[in-house]
Amino acid sequence: DFRKIDLSQTEKAKQRTAHGKEDDASALVPHHGILTVIDAEEVTINLGDHELIKDSVIKALLESAGLHVVSTFLPKYLKPGEKDPEGVSLVFVLREGYVSLSTWPEDSFISFDFVLWNAFDALTPATSALVAAVGGDFEKEGANTHFSLVVGGMHGIESRTAESGSTPALDKEGEPQTLTGKVDTTVDAQTSGTIVREMTKSLLDHVNEPVVLVLCGPDSTECNAFDALNEGGNRHLIQLRSCLNVGSAPQKSEERRSAMIDCYLSWTSYIANATTTLAQKIHAVVLDHDAEFEMGQVLHKVFESAHVRGDFLVDDFAVVTVASDTTNQSWKSALLERFRTLTIFNPVYHAQVGFEGCNYQMGVFSTGNVEFYGQIIHTTRAISETTGLVAFLEDSKAGVTSYEPDFAPTKYVTNDMYNVTPAAEQWLGQKLLGQQAILQYEILLPKTELEPGERVLFNDDVHNWYGIWYSGVILQQTKEGGYLVELDGGETLESNRDLIRKFETSDTQFKFGDRILVERLVGEEDEYAWLQGSVTGVLEEGWYKVRIFEDSYGESVVSHDELIHQFEAPDPQQLSGLTTEKLKVVFTEALDDLSDAGLDMFVTDRVGEGAVIVCFLDDILIVATWDGRIHLDVNVFGFFNNAPLGPFLDRFVNSG
């Protein structure tokens, strides 16, 4: 029973502590891996020949994706040169994960479990290569299936990322190259102003005397976008300049946070007064080249609330940004993604327009504009004629939810109108070859005690998938072991430790699959709180795609500063106490009496800081991976056709 294991340090943990690597509590945040289940039919290799299969798989993994096998395990009854007409099972432990396989020669069928802890760029090529290695046709429809899910990872292995084929390279003399192969040139202020004016004019061509909000840089800089829009045309311009105290405050400090809140309140009041004076809502928002990242964050906070957007913006508003360096392009593109995912009805568009020979980029967001693409084409041609720059569409995305007002269906469909016979015949005609279950264990380590004055998050209904966390500060610890917490809104309450999360930021990069909290405005009073979600994509320059669990409208793009891990890191002085030897004892005691033929167990700790344990017993294959800290995955595969896997799992779980 893992709950009975003592909390003494493991040998590897002692080594980490000795080298000063265990001080950071983020080291205990779980790593993640990807398990891909691959089923291949109509394969031509001899599925009873374990040596032939072993050689073919090792070669395919190395040649297709550079994956290296460090250990290979098979049941002890399989001798060199022998073949088993009933099928074989093999496990390959890689530096980057593992592959387990089982074969059914009579059915020309093989099933792979392919796990990666890093080197995720290898997933696609290696998946097809594994099928080809055993004589399968990966492209043949109906002959193969595969799906993936997130599982536990492994601490202590070096990361490996894919080489990007779309990143501008250096030529032989070290000159930067654009995607079109031409050396970068600079777009001057006049040309930049022309691009902004032409695109904004095109998007608002249907509006008489539109209102445009222009976000400029600091007072010390010129605002080319504002000056260009002020030339000709009947437009009402509202200018926003950078707030003075935001950029000078230290990153992630309470001073910076307070300055941004003051800026948010000031801008909200200023925009409200301006739109009231004009008696019009805003038709477009334009970000000047020199607009600052922090001001973009404040602008997003202003318009994050649906209530505020309804007060300040027309329904079919547009946003235009320009930038000539990678950092500005990244956050401005992310801001437009925020607008796209905040707007839940089509037509909604976000396009990125590049220019040949330049690192200059224009971003365009539009909602409610059915002529969007036509206007983009017409305007980019006009810009090319005026400036001599050749524009091209780099990327474009539509909205997240299709919607048609007052929709009236022309036909109603009921269940009895469907012919379910083919689906039922296909389902009943399947042959059960095996069953699989994945068990996940995690040791819960004690949390640190909290001190008066410490910043925390509080949630009165902690749940894995939903819940809102509110910021506050610890006042004192109670006699009963709980805490008095004063929330930022002024409310004081008493809570136990389980409902309180220590507020801790992370300087390390978040990873795909990480469970996170995202700061958002919530409620009718638009107060800041933290919502639960997960990372669905890692972008450049510290930006991430995330899915908020209580938001059914798709993904959002957020910066690193707006995220923290959902689960508080345990006390770094407390370690799990797990070792490879302890796990061997646990598995031996749990499995020994479950096998009539005896247990074949193999263990390797040649992977990161953890271990892989492989167990063969009767008609069952078990591959367990320990991440070196507190997480254990147990992958159980049963070959029997008639006996259910459930009773075995009950015995296995209860025997531990």
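Numerical summary
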read-out: Selection count where residues are open to solvent by 10 Å² or more (accessible area, probe 1.4 Å), within 23 Å of ILE622 (Cβ to Cβ) and free of Cβ contacts under 8 Å to residues at least 60 places away in the same chain, scope the stretch 100-129; value: 1
read-out: Per-region count, the stretch 514-549, residues of a type in the set (Phe, Trp, Tyr) and open to solvent by less than 20 Å² (accessible area, probe 1.4 Å); value: 2
read-out: The one condition in (1) touching a Leu at 6+ places or on another chain (Cβ under 9 Å); (2) at pLDDT 90 or above; (3) not charged (D, E, K, R) that GLN280 fails to fulfil; value: (1)
read-out: Looking only at the stretch 436-453, and only at residues there that are modelled with pLDDT of 90 or more and of a type outside the set (A, V, I, L, M, F, W, C), the one that is nearest to LEU645 (Cα to Cα); value: GLN436
read-out: Failed item in (1) over 18 Å from PHE303 (Cβ atoms); (2) open to solvent by 50 Å² or more (accessible area, probe 1.4 Å); (3) without any contact (Cβ under 8 Å) to a residue 24 or more places away in the chain, with THR276 passing the rest; value: (1)
read-out: Pairs where the first residue, in the stretch 230-241, is closer than 17 Å to LEU203 by Cβ and the second is loosely packed, with under 13 Cβ neighbours inside 10 Å and among the polar types (S, T, N, Q), C-beta under 9 Å, 6+ apart; value: ASN234/ASN208
read-out: Single residue of the stretch 298-317 satisfying the filter (open to solvent by less than 30 Å² (accessible area, probe 1.4 Å) and of a type outside the set (A, V, I, L, M)) that is nearest to VAL370 (Cα to Cα); value: PHE317
read-out: Among the residues listed as GLN440, GLN476, the single one being of a type outside the set (D, E, K, R) and either over 24 Å from ARG547 (Cβ atoms) or outside any strand (DSSP E or B) (or both); value: GLN476
read-out: Sole residue being open to solvent by less than 80 Å² (accessible area, probe 1.4 Å), touching a residue at least 24 places away in the same chain (Cβ under 8 Å), among the hydrophobic types (A, V, I, L, M, F, W, C) and not in a helix (DSSP H, G or I), chosen from TRP465, TRP469; value: TRP469
read-out: Enumeration of residues in the stretch 51-90 that are touching a residue at least 40 places away in the same chain (Cβ under 8 Å), within 16 Å of THR124 (Cα to Cα) and surrounded by 14 or more Cβ atoms within 10 Å (Cβ to Cβ); value: VAL57, ALA60, LEU61, SER64, ALA65, GLY66, LEU67
read-out: Enumeration of residues in the stretch 348-397 that are out of contact with any helix residue (DSSP H, G or I) (no Cβ under 7 Å at 6 or more places or on another chain), part of a helix (DSSP H, G or I) and in contact (Cβ under 8 Å) with a residue 24 or more places away in the chain; value: PHE372, TYR373, ILE376, THR380
read-out: Those residues of the stretch 613-656 which are among the β-branched types (Val, Ile, Thr), modelled with pLDDT of 80 or more and more than 26 Å from the chain's Cα centre (by Cα), in sequence order; value: ILE613, VAL614, ILE620, ILE622, VAL623, VAL636
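The values are calculated or read from the model by the stated rules, or taken from the named source; none is laboratory data. Owing to the predicted nature of the structure, the values given are computational and were not obtained by experimental measurement. Neighbour counts run over all protein chains shown; Cβ positions are idealised from the backbone, glycine included. Remember, those area values only see protein heavy atoms, side chains included, never the ligands or the DNA or RNA. Shrake-Rupley method; radii C 1.70, N 1.55, O 1.52, S 1.80 Å.
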